[in-house]
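Take a look at the structure set out below.
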Amino acid sequence: MKRAVPILLGVFLLTGCGAHSIQELNGGHMGHGAAASGAAIGADFNPADVMFLQMMAPHNNQGVELARLAADRATRQEVKTLAAAIAATQETEAASMSAWLSEWKQPATAAPDEHAAHGGMPGASEKEIAAVANAAPADFEEKLLNMMIAEQDDAIQMARVETATGLNPQVKELAGRIDASRTAQIKQMLALLGQ
């Protein structure tokens, strides 16, 4: 895992990436996106909010893929239960994040070169996920839990950058929940690893 990513992401969000001004990311409107409807996301947002959602939604989807491996492979019920809860939560969060981006008329993901310019997308590679999926039964839970700990730590770092630099109250509130839930999950996983 690239541990420089949170620092680079933080620098990016604080500077607004340089490639796009707030007006460009907001469709030419300073601080406003698509009109909110019903219980929809508020219309005020900044580039930090957009990039957080664009990076966190796919990160969550990758976490769902990883967590679902436990259903058939984990031997302890505690691991299966925790992984199922993580998958359900992250799937729901990712759907909300994608819907918010759509309401703001923002792309679901940033262009790959935008992520690459700031350290890339945090998370596990497909090769790393395959290594967990193909692990020997005796090694599976340890490999899964260690990778999920790294994934959740990446989410915490992204959430903390959003909390510090975002504008939209709902996105910042989600980031706060992500920080708290992932921190608690890491503690549970460390306990399951006997640490």
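Bear in mind these aren't lab numbers, they're just calculated from the coordinates by the rules spelled out. Keep in mind that what you see is a predicted model, and the values were worked out from it rather than measured. Cβ coordinates were reconstructed from backbone atoms using ideal geometry, including for glycine residues, and neighbour counts include every protein chain displayed.
For the pair residue 75 and residue 134 in one chain, pulling the backbone fully straight at 0.36 nm per residue adds 19.7 nm over the alpha carbon distance.
Here the extension length gained between residue 68 and residue 184 equals 39.8 nm, from 0.36 nm per residue of separation less the Cα-Cα distance.
Counting only aspartates and glutamates at least 8 places from residue 80 when in the same chain, those with an alpha carbon closer than 14 Å to its own are 65, 72, 141, 142. Potential lengthening of the chain between residue 84 and residue 177 amounts to 31.7 nm, from the contour at 0.36 nm per residue minus the alpha-carbon distance. Comparing Cα centroids, region 124-195 and region 46-113 end up 11 angstrom apart. Among 151-157, 127-133, sorting by the average number of other beta carbon atoms lying within 10 angstrom of each residue, highest first, gives 151-157, 127-133.
Using the Karplus relation 6.51 cos²θ - 1.76 cosθ + 1.60 with θ = phi - 60°, the per-residue 3J(HN,Hα) values for region 182-189 come to 5, 4, 5, 5, 4, 4, 4, 5 Hz, with x marking Gly and Pro. Cross-link partners of residue 172 among lysines, defined as those whose alpha carbon lies under 25 angstrom from its own and excluding same-chain residues fewer than eight positions apart: 2, 105, 187.
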